[in-house]
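Following: one structure in structure tokens, then a few remarks.
The values are calculated or read from the model by the stated rules, or taken from the named source; none is laboratory data. Quick caveat: nothing in here was measured; it's all calculated off a predicted structure. Cβ placement follows ideal geometry from the backbone for every residue including glycine, while neighbour counts extend to all protein chains displayed.
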Amino acid sequence: MHSITLVFDLDSIDTEDAEIKDYLRDNQLSPRNTYTDVYEDKNNCHVMEFGGCYLGRHLEAIAFIQRDFVEVELLTNFLEENVEFDQYLIPKNQMITHLVSRLRTKDSFVVKNDELCVSLSKLDVDREIKEIV
């Protein structure tokens, strides 16, 4: 027997939190225990505890939701650090959205030291920019 604990920081809400909570609600998955507590360095967390068998077959879907948002966030940060958007006529947000949709593939990411990272180069980005401008 094992437990699954989901922790949501109420003071710094992650973009995927709402979608994960919607998934739980839509699949009628109710925690056996829920409370507000301190977790690591966060003082205001909504904690949901589930039985491992009860939530088990849904963990892959929840992990996919989280990974989806993390990939977009990582790519967005990578683009903001590597593209000089001022030189293009396309608005920055529109260009980022377009580039993320084109560059977000399974080959665009690697896991280094147990952390997901972007594996693109500036040349990869420049090639895509040339296609859209």
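A few points about this structure:
- Selection from the range 99-133 of residues that are under 17 Å from Thr76 (Cβ atoms), surrounded by fewer than 13 Cβ atoms within 10 Å (Cβ to Cβ) and among the β-branched types (Val, Ile, Thr): Thr105, Ile132
- The listed residue being buried (at least 16 other Cβ atoms within 10 Å of the Cβ), touching a residue at least 24 places away in the same chain (Cβ under 8 Å), of a type outside the set (S, T, N, Q) and over 16 Å from Lys21 (Cα atoms), out of Val47, Val83: Val83
- Here the range 56-80 is the region considered, the condition is being more than 16 Å from Val100 (Cα to Cα) and surrounded by 15 or more Cβ atoms within 10 Å (Cβ to Cβ), and the residue that is nearest to the chain's Cα centre (by Cα) is Gln66.
- Looking across the range 86-98, the residues that are of a type in the set (A, V, I, L, M, F, W, C) and either crowded, with 17+ Cβ neighbours inside 10 Å or in a helix (DSSP H, G or I) (or both) come down to Met95, Ile96.
- For the criterion of being assigned by TED's automatic domain parsing to the domain that holds Leu123, of a type in the set (A, V, I, L, M) and in contact with a strand residue (DSSP E or B) (Cβ under 7 Å, 6 or more places away or on another chain), Leu79 fails.
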